[in-house]
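Reviewing the structure listed below.
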Amino acid sequence: MASQTKENYLKALYFLDKEQPQISVSDLGKAMEVSSPTVNSMVKQLEKNGWVEYKKYKPLRLTAKGRKEAALIIRKHRIAEMYLVEKMHFGWEEVHDIAEEMEHITSEELFDRMDHLLGYPKFDPHGSPIPDKKGSVIDHNYIPLNKVEEGTHVLLKALRYSPKELLEYLNQK
């Protein structure tokens, strides 16, 4: 069982890995808003769990085991967001912080039941794919808006970043 802090580091590594597989300690420190010595200390713990490969002065590498563990945490987060929106009628702009807390609940049964009650959704309320129980993620081929020619009509399917202010703005449109 991982601590909440370890889980948050794993998630940060997962998202950084998606952008650039060679992750520096300083990149992770920026993402976690902590100092390099703090990151070094945690990375050593993550390495002991087999979740990250760490060699001094070399980029960090998320292992397959670490990637799966991170995906399962993200799965809980995204299922929680869907449950809060679909079953509890929260707005999509309200659910992130609550799901941040819920993702650290260790009961798999709770999330399995939520998933079942939701009908096994593939995407969260913001359009992000929900990893399956094995940690696999659907690879969607969305085109970022900055790659779309101006004047082209598009259907917005997902948000990479979904700050509350943006979601509230989109609610008004």
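Points worth noting:
- Shape category assigned to the chain from the gyration tensor of Cα positions, a/c cut at 1.5: oblate
- Positive minus negative residues near Pro121 (Lys, Arg vs Asp, Glu; Cβ under 9 Å): -1
- Net charge of the neighbourhood of His140, taken over other residues with C-beta under 11 Å away and scored Lys/Arg +1, Asp/Glu -1, is +1.
- Across all directions, the shadow cast by the convex hull of segment 71-173 built on its C-alpha atoms averages 7.2 square nanometres.
- Nearest-ten-degree value, helix 64-86 long axis tilted from longest Cα axis of the chain: 30 degrees
- Segment 45-61 - phi-based ³J(HN,Hα) in whole Hz, Karplus 6.51/-1.76/1.60, Gly and Pro as x: 5, 5, 5, 4, 7, x, 8, 8, 9, 9, 10, 3, 6, 10, x, 6, 10
- Dipole magnitude for segment 4-62: computed about the Cα centre from +1 point charges on Lys and Arg Cβ and -1 point charges on Asp and Glu Cβ, it is near 220 debye.
- Net charge, Pro131 excluded, C-beta distance under 9 Å - Lys, Arg +1, Asp, Glu -1: +4
- Across Lys58/Lys164; Lys48/Lys147; Lys68/Lys164, pairs whose alpha-carbon gap is larger than 32 Å: Lys58/Lys164; Lys48/Lys147
- Computed label-point distance, nm, for sites Ile105 and Lys55 using a 7 Å Cα→Cβ extension: 4.3 nm
- For the pair Tyr161 and Ile98 in one chain, pulling the backbone fully straight at 0.36 nm per residue adds 21.0 nm over the alpha carbon distance.
- Helix-only arithmetic for the chain: the sum of -39500 (n - 2.57) across DSSP H runs with n ≥ 4, divided by the residue total, places the mean residue ellipticity at 222 nm at -15500 deg cm²/dmol.
- Using Cβ point charges alone (K and R +1, D and E -1), the dipole size of the chain about the Cα centre works out to roughly 860 debye.
- Rounded FRET efficiency, nearest 0.05, which uses the C-beta distance separating Gln172 from Lys44 and R0 of 41 Å: 0.30
- Shown here is the pair-distance distribution of segment 4-62: with all Cα-Cα distances grouped in 5 Å bins from zero up to the longest one, the shares run 4, 21, 38, 29, 8, 0 percent.
- Nonlocal amide H pairs with Leu60, under 5 Å, H built at 1.01 Å: Ile23, Ser24, Val25
- Additional length obtainable on full extension of the chain from Val148 to Lys134, 0.36 nm per residue less Cα span: 1.7 nm
- The C-alpha atoms of the chain define a longest principal axis, and helix 108-118 lies at about 20 degrees to it.
- Which listed pairs, of Lys18/Lys157; Lys30/Lys134; Lys11/Lys173; Lys6/Lys122; Lys65/Lys157; Lys6/Lys157, have C-alpha distances above 21 Å, in listed order: Lys30/Lys134; Lys11/Lys173; Lys6/Lys122; Lys65/Lys157; Lys6/Lys157
FYI, it's all coordinate maths here, none of it is from the lab. Bear in mind the structure is a predicted one, so any value in this text is a computation, not a measurement. Quick reminder, even Gly has a Cβ in these numbers, built from the backbone with ideal geometry, and neighbours come from all protein chains shown.
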